[in-house]
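Shown next, in structure tokens, is the structure this report addresses.
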Amino acid sequence: MKTIARDVSKGIHEDTPDPDEDFKPLTAEEAQRLRDRKPLISPWRVIAIQVVAGLLVALATWGLTGRQNLGWSAGYGALAVVLPAAVFARGLTGRFASLNPGTAVFGFFLWEMVKLALSMAMLIAAPRLVVALSWPAMLIGLVVTMKAAWVAVMLAPKRPKL
């Protein structure tokens, strides 16, 4: 059995390579090339794709089953994803969201908690708001809409290679 001694001066194991040794900051030109290769995706684009996915799943549920309450249940499940996501995106894109790194981190966690609380409140209120609620249909609408964010990533505009 091998014993790993700890180097107290560095605070790491002696046979573990130091990740900071090979670190090289990017130049302005390298950073710009990286930004061009990997463009940011707007949160509003993701929400728009989620809205489309939610409408499609609600209409498909209604159309395939012929039961209006299933369509409304699936649509409400989609709304339980889209509405909190829109509040979250609005909070993150506000003017105070990026004043400095500290407020950005605090804002992210604050708006994430608001999003979670709003989602939970909507799910708790669902039986009172949707007549003849179908939990399986609502969960299908919720999951499909949530997973539509990956479609937004796959459909992100590609920049031409230079």
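The values are calculated or read from the model by the stated rules, or taken from the named source; none is laboratory data. Remember, predicted model here, so these are calculated numbers, not experimental data. Cβ placement follows ideal geometry from the backbone for every residue including glycine, while neighbour counts extend to all protein chains displayed. Surface areas here come from the heavy atoms of the whole protein model, side chains and all, with no ligands, DNA or RNA. Shrake-Rupley method; radii C 1.70, N 1.55, O 1.52, S 1.80 Å.
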**Study point:** Pairwise FRET efficiency - LEU129 versus ALA48, Cβ, R0 = 25 Å, nearest 0.05
**Key:** 0.55
Review point. Accessible area, 1.4 Å probe, largest first: how do SER73, SER119 sort?
Key: SER119, SER73
Exercise for review: Kindly rank 143-155, 122-134, 79-91 from highest to lowest mean number of other beta carbons found within 10 Å of each residue.
Suggested key: 79-91, 143-155, 122-134
Review point. Sorted by accessible area (1.4 Å probe), largest first, how do VAL52, VAL114 line up?
Key: VAL52, VAL114
Study note, to complete from the structure: Taking Lys and Arg as +1 and Asp and Glu as -1, residues besides VAL81 with C-beta under 12 Å from its C-beta add up to +2
